[in-house]
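Here's the structure, in structure tokens; my notes come after.
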Amino acid sequence: MYENVTFTSLLQRMLDRVPNDVDKREGSIIYDALAPAAAELGEMYAQLDIQMALTFGDTSSGEYLSRRTADFGIIRQPATKAKRLGRFYGGGDTPFDIPIGSRFSANQLNFRAIERLADGEYALECESVGRSGNEPYGALLPIDYVNGLASAMLMDILVPGEDEESDDLLRSRFFAEIQSPGTSGNQSDYRKWALSIAGVGDVRVEPLWNGPGTVRVVVIDSNKKPATSQLVDDVQQYICPVAGTGEGVAPIGANVTVTAAQGVAINVSASVELTGTSNLATVKIAFSEALEAYLRSIAFSSDPSPKYVRIGSMLLDVPGIHDFASLTVNGGDLNVTVLPGQVAVIGEVTLSE
């Protein structure tokens, strides 16, 4: 709004108010007297422009965006801790039970046993918040001595850890709430309720999916993959733990079923011609990362089906690949159909020279 009010324009306006019979050249007394004031006013107008942008939801950021959305009861979601599956073995690879609260480390991250799931299987919570707790797999080293423990492994993600909600995600949630407000258990309400659970990345609501009064809520996690059974149970318990009773946030009479999206594996195979700047293993990793990012971007979108041509274009964009041939996606050369309630996930990637 004030982008045209600069030091130069302010100084010129001030000099224009001085009679022309006074020396106004740079270095003159009047010029040197007005220039500092123009500089300070220019800085003030620049700050006014920034403050104006921070006032509105579409241009605000950081703390100011949080304060803006909080006025409408929409709070930025804090970083959360990952919950992982741990398997523990005694002598002879037999399942081994450990004390609740036992601590283990992997990749400079510490995990604490919080719940027994089965013989030798425990839910472990990362002691650090954020997505870093989703990354390590493999051997766990005990921090606390556990008598009789022979080995420990860090396995599946039960509930993904989340970084603090970004400005873009908070802004989109804010606009969705304001522009499509929830009303007495409409679709917007169910989306809002499911997305309020840490680890949920997106939601599809299917009203009347199994007759009057029934609602199905299909969820994917924050990595845009099928939700784990733990995450599904968390959402179910929050929205509707017992059908029709209104014990959760769903209204009385609603029979809500929360399910994980069905994963559709996307298997890609191609023969590639390399430029010589990268080896086959490196380009495979780069292409796999690009493919995963593409599949995340279309998950639960209006067109969730991966496009054959787009995958081919991505392959050509990988540094180190000059050309390719014999590209197949799920064994063919057509788009892969992903139905509502399904989500495309990366499968087997096979690249050969």
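The values are calculated or read from the model by the stated rules, or taken from the named source; none is laboratory data. Quantities reported herein were computed from a predicted structural model and do not represent experimental measurements. All Cβ positions, even for glycine, are placed from backbone atoms using ideal geometry, and neighbour counts span all protein chains on display.
For Gly248, the requirement of being over 25 Å from Gly161 (Cβ atoms) and assigned to a loop (DSSP other than H, G, I, E, B) is not met. Scanning the stretch 316-341 for residues that are in contact with a helix residue (DSSP H, G or I) (Cβ under 6 Å, 6 or more places away or on another chain) and under 18 Å from Ala286 (Cα atoms) gives Val318, Gly320, Ile321, Phe324, Leu327, Val329. Any residue in the stretch 181-188 that is surrounded by 14 or more Cβ atoms within 10 Å (Cβ to Cβ), assigned to a helix (DSSP H, G or I) and over 13 Å from the mean Cα position of the chain (by Cα)? Taking every residue of the stretch 181-188 in turn, at least one turns out to be surrounded by 14 or more Cβ atoms within 10 Å (Cβ to Cβ), assigned to a helix (DSSP H, G or I) and over 13 Å from the mean Cα position of the chain (by Cα). Applying a threshold of 7 Å to beta carbon distances and a minimum spacing of six or more residues, or different chains, the list of pairs starting in the stretch 83-110 at a residue that is farther than 17 Å from Leu158 by Cβ and ending at one that is among the hydroxyl-bearing types (Ser, Thr, Tyr) reads Tyr89/Ser151; Pro95/Tyr89; Phe96/Tyr89.
Within the stretch 256-285, which residues are surrounded by fewer than 16 Cβ atoms within 10 Å (Cβ to Cβ) and free of Cβ contacts under 8 Å to residues at least 60 places away in the same chain?
Correct list: Thr275, Gly276, Thr277, Asn279, Ala281, Thr282, Ile285.
Say we look at the stretch 187-223 and pick out the residues that are among the acidic types (Asp, Glu) and touching a Lys or Arg at 6+ places or on another chain (Cβ under 9 Å); which of these is nearest to Ala299 (Cα to Cα)?
Checking each candidate, the answer is Asp202.
Does Gln47 meet the test of being at negative phi and touching a residue at least 60 places away in the same chain (Cβ under 8 Å)? No.
Selection over the stretch 339-353 of residues that are touching an Asp or Glu at 6+ places or on another chain (Cβ under 9 Å) and closer than 21 Å to Arg204 by Cα gives a count of 5.
I'd like to know if the stretch 57-72 contains one or more residues that are of a type in the set (Asp, Glu), in a helix (DSSP H, G or I), outside the structural domain of Leu149 (by TED's automatic domain parsing) and under 28 Å from the mean Cα position of the chain (by Cα). Looking for residues that are of a type in the set (Asp, Glu), in a helix (DSSP H, G or I), outside the structural domain of Leu149 (by TED's automatic domain parsing) and under 28 Å from the mean Cα position of the chain (by Cα), one finds at least one in the stretch 57-72, hence yes.
Table: residues versus (1) in contact with a strand residue (DSSP E or B) (Cβ under 8 Å, 6 or more places away or on another chain); (2) touching a residue at least 60 places away in the same chain (Cβ under 8 Å); (3) surrounded by 14 or more Cβ atoms within 10 Å (Cβ to Cβ).
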residue: Asp156; (1), (2), (3): yes, yes, no
residue: Asp168; (1), (2), (3): no, no, no
residue: Arg173; (1), (2), (3): no, yes, yes
residue: Gly199; (1), (2), (3): yes, yes, yes
residue: Val203; (1), (2), (3): yes, yes, yes
residue: Pro212; (1), (2), (3): no, no, no
residue: Lys224; (1), (2), (3): yes, yes, yes
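Among the residues of the stretch 295-307, those identified as in a helix (DSSP H, G or I) and crowded, with 18+ Cβ neighbours inside 10 Å are Leu295, Arg296, Ile298. Tell me whether the stretch 222-231 contains one or more residues that are of a type outside the set (Gly, Ala, Ser), part of a helix (DSSP H, G or I) and within 29 Å of Pro78 (Cβ to Cβ). Yes, that holds for at least one residue.
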